[in-house]
């Protein structure tokens, strides 16, 4: 995994363009694909209402979770072998309900 120098998102090592902000690792700049909105902005502007309060949920970022533990001297080494999942976190500003959604592909 690499870290994008533009937005600090984790990007697969074999990707040439950041999935989050369209930063090109080869050209060292953000690429404009015309009318297409960057994935980060699509997520932040996604309109999801709280099921309880019927008010819009607030996007609080993308969080990465993994299976397993980081205990012992080998903890960081075994981090390479665990299953990682990424979810977008939304929080209701009125009742503090938390909802996770799979990020858009």
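Throughout, read-outs are computed from the coordinates displayed, never taken from laboratory work. Just so it is clear, the model here is predicted, and its values are computed rather than measured. Every residue, glycine as well, gets a Cβ built from its backbone with ideal geometry; the counts of neighbours run over all protein chains shown.
Counted by neighbouring Cβ atoms within 10 Å, the residues 51, 89 run from fewest to most as 51, 89. Once the C-beta distance of residue 48 and residue 12 is scaled by a Förster radius of 30 Å, the resulting FRET efficiency is 0.65 to the nearest 0.05.
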